[in-house]
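**Q** Structure in structure tokens, see below.
Throughout, read-outs are computed from the coordinates displayed, never taken from laboratory work. In this text the structure is predicted, and so the values were computed from the model without any measurement. Don't worry about glycine lacking a Cβ; one is built from the backbone with ideal geometry, like all the others, and counts go over all protein chains shown.
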Amino acid sequence: MLKVGGLVHFTTIDYPGHLAAAVFCQGCPWRCRYCHNRELLDATAPGAIPWDEVLAFLDRRRGLLDAVVFSGGEPTMQPGLIHAVREVRSLGLRIGLHTGGAFPEALRELLSHLDWVGMDIKTAFPDYGRITGVPGSGEAAERSAALVRASGVNHRFRTTVDPDLLCGEQVAALRRMVVDQWKSGYDIQDIC
């Protein structure tokens, strides 16, 4: 069963171009200092809303909502996510995912069930541990980003610029990674 830490009944910003609800999943393996969802970090905490209540709410909103976005915490940390995604899909809703990419194998399993992915890129991958507080976290994020890029699923990579953690040379390294290493046509907006 999915551990739900919170529910936003209506959002226009969490899935670009769609009216959505956002389901916030409990638990995250990373400890980014700028995290705005600290209450969701503890994976052992009980969920705030039973999944069956969330599903009943979504069922009542059919025809009013376009999509559901699973966010967190880190939704791919929960083994029940794939089942929850299938249940929401059965309601005829699009599925979006917000992820940091901490669990590439779980993401690989989910990608064929998703319509959109918003992936946070914390910094250049070799520097991830400084942001997440977890050594080696950049390797998982790099594998996840490669999976998303290769999947054909609509996606957006984004970053949070905390001037105490990411500025100057770190931003330049991130920009180089996206443009040079990914050989991408991504639109890189000035972020400092």
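**Q** Before we move on, is Thr44 touching a Leu at 6+ places or on another chain (Cβ under 6 Å), hydroxyl-bearing (Ser, Thr, Tyr) and either more than 21 Å from Leu147 (Cα to Cα) or in a helix (DSSP H, G or I) (or both)?
**A** So Thr44 does not fit the description; no.
**Q** I'm trying to understand the selection: among the residues of the stretch 101-117, which are over 18 Å from Leu91 (Cα atoms) and out of contact with any Phe, Trp or Tyr (no Cβ under 8 Å at 6 or more places or on another chain)?
**A** Gly101, Phe103, Pro104, Glu105, Ala106, Leu107, Arg108, Glu109, Leu111, Val117
**Q** Those residues that are of a type in the set (Gly, Ala, Ser) and without any contact (Cβ under 8 Å) to a residue 24 or more places away in the chain, I need them from the stretch 1-31; list them, please.
**A** If the condition is that a residue be of a type in the set (Gly, Ala, Ser) and without any contact (Cβ under 8 Å) to a residue 24 or more places away in the chain, then Gly17 is the only one that fits.
**Q** Taking only pairs six or more apart or across chains, which ones have beta-carbon atoms under 6 Å, a first residue in the stretch 147-168 that is free of Cβ contacts under 8 Å to residues at least 40 places away in the same chain, and a second residue that is crowded, with 16+ Cβ neighbours inside 10 Å?
**A** Asn154/Trp116; His155/Val117; His155/Val148; Phe157/Met119; Phe157/Ile121; Thr159/Ile121
**Q** Quick check on the stretch 104-140: of everything there that is touching a residue at least 40 places away in the same chain (Cβ under 8 Å) and in contact with a strand residue (DSSP E or B) (Cβ under 9 Å, 6 or more places away or on another chain), which residue is nearest to Val179 (Cα to Cα)?
**A** Selected residue: Ile121.
**Q** Considering only the stretch 47-74, how many residues are assigned to a strand (DSSP E or B) and either under 17 Å from the mean Cα position of the chain (by Cα) or surrounded by fewer than 21 Cβ atoms within 10 Å (Cβ to Cβ) (or both)?
**A** 7
**Q** Now a separate question. Just the residues that are within 19 Å of Glu39 (Cβ to Cβ) and among the hydrophobic types (A, V, I, L, M, F, W, C), please, taken from the stretch 82-106.
**A** Answer for the stretch 82-106, where residues must be within 19 Å of Glu39 (Cβ to Cβ) and among the hydrophobic types (A, V, I, L, M, F, W, C): just Ala102.
**Q** Restricting to the stretch 11-23, name every residue that is over 18 Å from Ala48 (Cβ atoms) and part of a strand (DSSP E or B).
**A** Across the stretch 11-23, the qualifying residue is only Ala20.
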